[in-house]
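The values are calculated or read from the model by the stated rules, or taken from the named source; none is laboratory data. Treat the numbers as computed from the prediction; the structure is a model and nothing was measured. Here Cβ is always computed from backbone atoms with ideal geometry, including for glycine, and neighbour counts include all displayed protein chains. All accessible areas refer to the heavy atoms of the entire protein, side chains included, with ligands and DNA or RNA removed. Shrake-Rupley method; radii C 1.70, N 1.55, O 1.52, S 1.80 Å.
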Amino acid sequence: MSLVERILSCGAAVPLLLLCAGPPLQAAQRTPPEQRILALTNAERARAGCPAVRLNGDLTRAAAGHSADMAHRDFFDHTGSDGRDPVDRTRSEGFPSGYVGENIAAGGETADETFRQWMDAASHRDNILDCAFTDLGVGHAATEHSRYHHYWTQALGRP
């Protein structure tokens, strides 16, 4: 229900600044994509008997940078435009280990759609369900000036 429909359903005499009772607006319920990917990842890991992963700033910076690189330079690859691979990227952001996995996706507009792409690909699913990983970083970049418009990176690691 839109805000206008919600206001009108409260009655015509309701002042515009008064909020009537009802479920929260959809926009207020939107979860940031990083949090949604984390929740979806941990749900699948729990089903597989793996411990939950936690968001990690170093991995998130590496993932966000790679997604932005792919989006703005219009390519799709685990090797960045600067020649760095996932381990190079995560280490350059301060992640202390070379035990990392990376999932990339392109074209999906939402976290849910992107996560389904990863779970449908054996190598990506294997990364998500690797019980040794403890940390997660997520990056999403979008631009209309590239082939796929939306680029996602999920970096998993263990310090």
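Report, by residue number, each residue of the range 86-101 that is in contact with a Leu (Cβ under 8 Å, 6 or more places away or on another chain) and acidic (Asp, Glu).
Hit for the range 86-101 is 93, nothing else.
Would you call residue 124 on the phi < 0 side of the Ramachandran plot, open to solvent by 10 Å² or more (accessible area, probe 1.4 Å) and at pLDDT below 95?
Working: on the phi < 0 side of the Ramachandran plot: yes; open to solvent by 10 Å² or more (accessible area, probe 1.4 Å): yes; at pLDDT below 95: no.
Against the criterion (on the phi < 0 side of the Ramachandran plot, open to solvent by 10 Å² or more (accessible area, probe 1.4 Å) and at pLDDT below 95), residue 124 does not qualify.
State whether one or more residues within the range 63-72 are touching a residue at least 24 places away in the same chain (Cβ under 8 Å), touching a Ser or Thr at 6+ places or on another chain (Cβ under 8 Å), open to solvent by 70 Å² or more (accessible area, probe 1.4 Å) and closer than 29 Å to residue 147 by Cβ.
For the range 63-72, residues touching a residue at least 24 places away in the same chain (Cβ under 8 Å), touching a Ser or Thr at 6+ places or on another chain (Cβ under 8 Å), open to solvent by 70 Å² or more (accessible area, probe 1.4 Å) and closer than 29 Å to residue 147 by Cβ: present.
Exactly one of (1) under 16 Å from the mean Cα position of the chain (by Cα); (2) free of Cβ contacts under 8 Å to residues at least 12 places away in the same chain is unmet by residue 83. Its number?
(1) is the only condition that residue 83 fails.
Condition check ((1) among the small types (Gly, Ala, Ser); (2) within 14 Å of residue 153 (Cα to Cα); (3) at pLDDT 95 or above) across all residues:
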position	(1), (2), (3)
58	no, yes, yes
63	yes, yes, yes
76	no, yes, yes
83	yes, no, yes
105	yes, yes, yes
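Only one of these is under 14 Å from residue 59 (Cβ atoms), in contact (Cβ under 8 Å) with a residue 24 or more places away in the chain and open to solvent by less than 50 Å² (accessible area, probe 1.4 Å): 94, 108. Name it.
Just one listed residue meets the conditions, 94.
If a residue counts only when it is within 14 Å of the chain's Cα centre (by Cα) and charged (D, E, K, R), which helices (runs of 4 or more DSSP H) contained entirely in the range 86-159 have at least 2 such residues?
On the way: elements: 86-92, 111-120, 122-128.
So the answer is 111-120.
Quick check on the range 26-37. Is at least one of its residues open to solvent by less than 50 Å² (accessible area, probe 1.4 Å), under 22 Å from residue 112 (Cα atoms) and either modelled with pLDDT of 95 or more or touching a Lys or Arg at 6+ places or on another chain (Cβ under 6 Å) (or both)? Walk me through how you get there before you give the answer.
Initially, the range 26-37 is screened for residues open to solvent by less than 50 Å² (accessible area, probe 1.4 Å), giving 33, 37.
Still in the running and under 22 Å from residue 112 (Cα atoms): 33, 37.
In the following step, the residues that additionally are either modelled with pLDDT of 95 or more or touching a Lys or Arg at 6+ places or on another chain (Cβ under 6 Å) (or both) were identified as 37.
Yes: one or more hits.
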